[in-house]
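These notes concern the structure reproduced below.
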Amino acid sequence: MAMHDAVPGPDDPHESRSYWQATMARSAPDAPDLAVAADVAVIGGGLLGVSTAYWLARAGASTVLLEARSLAAGATGRNGGFMTSGTAESYPQAITRHGHTTAHAIWSLTLESRALLRRALAEETIDCDYREPGTLHLALGAEQQARLMQTVAGLRADTLAAELLDRDQVQALVDTPLGPEISGGLFMPENGLLHPARLVLGLAKAARRHGARIYEGVPVLQLETSGAGVRVRTAPGDLHAKAVVVAVNAWSDQLIPALAGTITPVRGQVLAYKPLPPLFRCGMGVAVTPTGEYWQQAPDRTIVLGGCRAAAPGADVDVRATTTTPEVQAALEQVFPRLFPELRGADGAHGGGALRVVRRWAGLMAFTADGLPIADRAPGLPGVWVVGGFCGHGMPFGLRLGQLLAEGATSGMAPASLAPFRLDRPTLSG
């Protein structure tokens, strides 16, 4: 059993809403009277939790989802809106760490997840601005270009789509002049962009249509396991479930203390610039700092830019606060002027490139030691499954891992495809 003490309540006055949270259309929550029993209870209203509930409900399982705050309140509603593929590490790095077979299986799973996303969006008529313009990771100088060349070679050797671009090819995808240090880039033509909060709300609406009951503003106080199943203790009352899936990511150790030190919270910070004329034709990434930067221009032309954790003390690792900090936000504001000389802040703007910050926010990611998430039975808690630790790269896994967790929770058996994400894998313990 475990308490949830550090899990924020429904109304955290210290958090600011992200661009995604401010531009999503909320639906009416379920009635406050909590269900007393379910086949499976899902804890957490981000992409993984809602995806799991969706697949459970589609399979006919009696499903209840409990979210402490509101749907998409956490990492899913505070990220960059990228639907990429693979792991948080590059493909060659993943092969070195996990072996070729495992790395390729994980990459293939994320491609399966993308196919499931397309299917769910079509079948459930979900509008979340999904499109597949590709993503471009910029190289700053010859050394970074050489590393990207190795990544492209590894991907293409396994028939995975990737292209190495030179400077002129990069310029064709960016409608503002490049700075002198940009030497080329890695283009992933099948990667997508979307509105992550609208995706979660759309999947939740679909899950409800299939019979799931979803409750917001209901923090879980405790999990109690016995041979009869799992008792989920909440303030409105107790819920009894045959199985539970805990999908709270950075707060995993608050419900499952055995995961302390295995899934580590990490703060990420983001800002949004006012809408500008079209500048970026695809999702963008770069390593201006060692922890990396990323951005996209949304359909309304707002630019969402995140990263620069390296500017924070300890790179914001093991930080649970969800407020922005001056040093990281100042570093973010230097990214575009450095990379694209005609883009300047409001004080030094010229031409049509004036950058004005209209929103700032932070959110909690969750990291593991080996760059892979965990999706497994919870240690010491029979009937409880846990998923988390996506290392800032959870969106590509959402639909497929949710489907696999739904299968595991209903059958009591771990699907073979979850093997790379087990808790006892050697790379997780060193």
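The values are calculated or read from the model by the stated rules, or taken from the named source; none is laboratory data. Remember, predicted model here, so these are calculated numbers, not experimental data. Because the Cβ atoms are built from the backbone with ideal geometry, glycine has one as well, and the counts that use them run over all protein chains shown.
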Yes or no: region 362-380 includes at least one residue that is touching a residue at least 60 places away in the same chain (Cβ under 8 Å), within 30 Å of Leu239 (Cα to Cα), over 17 Å from the mean Cα position of the chain (by Cα) and surrounded by fewer than 22 Cβ atoms within 10 Å (Cβ to Cβ). yes
Could you please find all residues in region 155-173 being under 30 Å from Phe336 (Cβ atoms) and either in the same structural domain as Pro396 (by TED's automatic domain parsing) or part of a helix (DSSP H, G or I) (or both)? Leu155, Arg167, Asp168, Gln169, Val170, Gln171
From the list Arg281, Arg320, which residue is of a type in the set (Lys, Arg), in contact (Cβ under 8 Å) with a residue 12 or more places away in the chain and either within 30 Å of Val386 (Cα to Cα) or surrounded by 20 or more Cβ atoms within 10 Å (Cβ to Cβ) (or both)? Arg320
Taking the options Glu132, Glu163, Glu123, name whichever one is modelled with pLDDT of 95 or more, over 28 Å from Pro290 (Cβ atoms) and in contact with a strand residue (DSSP E or B) (Cβ under 6 Å, 6 or more places away or on another chain). Glu132
Sort out which residues of region 154-209 are polar (S, T, N, Q), buried (at least 18 other Cβ atoms within 10 Å of the Cβ) and farther than 24 Å from Thr96 by Cβ, and write them in order of number. Thr176, Ser183
Name the residues in region 235-262 that are surrounded by fewer than 19 Cβ atoms within 10 Å (Cβ to Cβ) and assigned to a strand (DSSP E or B), would you? Gly237, Asp238, His240, Lys242
Test result for Ser62, touching a strand residue (DSSP E or B) at 6+ places or on another chain (Cβ under 7 Å), buried (at least 18 other Cβ atoms within 10 Å of the Cβ), modelled with pLDDT of 95 or more and among the polar types (S, T, N, Q): no
Could you say which residue among Thr427, Thr410 is farther than 18 Å from Asp39 by Cβ and either of a type in the set (Ser, Thr, Tyr) or in the same structural domain as Glu293 (by TED's automatic domain parsing) (or both)? Thr427
